[in-house]
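Okay, structure first, notes after.
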Amino acid sequence: MGRLFWKFFLLISLAQLTAVSGVGHILWVHNRSQRDATPRVDYGAPAEFFVGSAATTLQNGGTNALHSLLQTRNQPTVYALDESNRELLGREVAAPIMQQAHRVVETNPASRAVRRLASDDGHSYLLFAPTMRFEGGRPPSGPFRIPMIPTIMTLIGSLVCAALLAQYLSKPIRNLRAAFDSVASGNLNLRVGPLMKKRNDELANLGRDFDRMAIRLQALLQSQRRLFHDVSHELRSPLARLQIATGLARQHPDTVQSSLERIERECKRVDELVGELLTLSKLEAGVIGAANEPVDLSRLVAEVVADARFESNGDQRSISFSDSEPVIVRGQPELLHRAIENVVRNALIHTPERTTVVIAIVNAAQRACISIDDSGPGVAEQEVTTIFQPFFRGAGAQGTQGHGLGLSIAKQVVEAHGGTIRASNRATGGLRVEIDLPNSTLENASASLPQNA
């Protein structure tokens with residue numbers, strides 16, 4: 001249990017001892033008040049009533065009748081003093097209240113709360129009722145003693161409660177600590193959730209959050225290792241060709257020109273690969289944020305289509321796209337242009353000759369969807385969700401251009417703009433890629449759209 005147990009024990013003990021001391025002090029004040037209270041003559045209406053009843057009984061029934069009345073248990077206290085200050089029932093009367101009663105009857109003979117009446121036995125009786133009041137309204141004085149038995153029981157109860165609470169909390173904390181130590185040592189396979197069993201509290205939620213974090217870290221590390229492996233593989237081929245071209249230029253001076261051209265192409269290929277890797281890394285790290293400026297998606301797609309048609313002029317592949325009304329989204333135009341261009345280029349690479357890549361924009365109430373359809377072989381169903389991973393190449397992609405980073409960059413760009421991208425095989429053959437982006441209110445976005453957009 002350790003320090004956690006002692007902290008719980010001290011806090012629980014302090015709380016309970018405070019409660020015991022407070023209640024003990026209140027009881028002590030009450031008991032002392034009852035003991036030290038000073039009697040006084042009661043002048044209230046009830047006292048006048050009972051004193052009047054005793055006076056009537058004495059006048060009509062005599063001393064014996066008054067004696068019987070004062071002995072009645074349900075009769076409120078009424079004193080009857082003779083001339084010698086002897087009480088009729090023999091009860092002890094405090095000197096201060098006797099003196100006060102005599103002063104009242106002397107200064108105010110007509111008082112109904114204190115009366116002096118003659119009786120048939122030859123004595124006169126002073127009738128009055130007492131009340132209990134604090135002397136000066138102050139609490140009584142005297143030493144306060146700590147109640148020992150409640151204090152001992154409080155400490156024992158605190159010890160048991162602290163032990164149970166420390167055990168209840170320390171066990172999942174130990175499991176979490178072991179899991180963090182495992183992660184720090186590089187082992188991401190340990191899971192805390194099964195160790196929490198049926199717990200349903202904040203610590204159990206923390207354990208489940210840790211498991212999600214560990215799963216995410218494990219996936220990221222595996223992706224990073226795969227990325228490093230793919231990068232090394234992609235760089236090995238152009239570097240090998242560079243070495244061959246350099247060796248040929250040295251061995252055959254007459255082939256220097258062709259070797260330099262080969263070196264230039266391979267350097268350009270490596271430069272493009274490094275540039276795409278840097279872009280992908282920045283997008284995954286969130287360094288490149290989507291700017292919040294209006295973009296006409298229809299015009300942006302038209303520019304991509306125009307560039308693609310120009311580049312594929314002699315490839316016997318065509319693109320079908322009809323300009324639509326302005327569709328406004330918010331984001332960074334350069335990144336969106338690159339993402340759409342990567343998808344369109346990928347479709348042109350995989351669609352056969354004498355076929356058409358069909359591009360369409362559907363503008364819904366809150367979303368704008370761009371669909372790019374090709375007539376290629378498509379991909380295997382188990383690969384539909386993996387084509388957006390870096391360096392992915394399907395079974396029939398050998399010998400195609402590119403490094404397998406275009407769709408991965410497109411996915412990162414679209415998600416950075418709050419959208420989604422997905423792929424599916426068409427029933428008539430080929431692959432369909434859909435880019436779904438949140439559109440803006442047309443009136444507000446058009447008002448802020450630059451004139452030369």
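None of the figures in this text is laboratory data; all of them are computed from the coordinates on show. Note that the coordinates shown come from a computational prediction; the quantities given were computed from them, not determined experimentally. Counting neighbours? That spans all protein chains shown, and the Cβs are built from the backbone with ideal geometry, glycine included.
Considering every pair of different Cα atoms, what Kirkwood radius, in Å, is found for the stretch 233-385? Write out the running numbers ahead of the final one.
On the way: mean 1/r = 0.0537 Å⁻¹.
Over the stretch 233-385, the inverse of the mean reciprocal pair distance is 18.6 Å.
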Please report, in whole Å, how far the alpha carbons of the stretch 293-448 spread along each principal axis, starting with the longest.
48, 31, 28
Can you tell me the FRET efficiency between ASN205 and SER318 if r is taken as the Cβ-Cβ distance and R0 is 56 Å, rounded to the nearest 0.05?
0.50
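Between beta-carbons, use under 15 Å as the cut-off and find the net charge around GLY122, counting Lys and Arg +1, Asp and Glu -1. Walk me through the numbers on the way to the answer.
Details: positive: ARG86, ARG116; negative: ASP82, GLU83, ASP120, ASP121.
So the environment of GLY122 carries a net charge of -2.
Which GluC sites (Glu not before Pro) in the stretch 51-126 sit in a loop by DSSP (not H, G, I, E or B) and have at most 11 other Cβ atoms within 10 Å of their own Cβ? Provide the component values of the computation, followed by the final result.
Working: sites: GLU83, GLU87, GLU92, GLU106; in loops: GLU83, GLU92.
Loop-located and lightly packed - GLU83, GLU92.
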Determine which aspartates and glutamates satisfy two conditions relative to LYS198: a Cα distance under 20 Å, and not lying fewer than 8 residues away in the same chain.
ASP209, ASP211
Intensity falloff of the stretch 38-133 expressed as log10 I(q)/I(0), Debye formula with alpha-carbon point scatterers, at q = 0.11, 0.19, 0.22 Å⁻¹:
-0.26, -0.84, -1.17
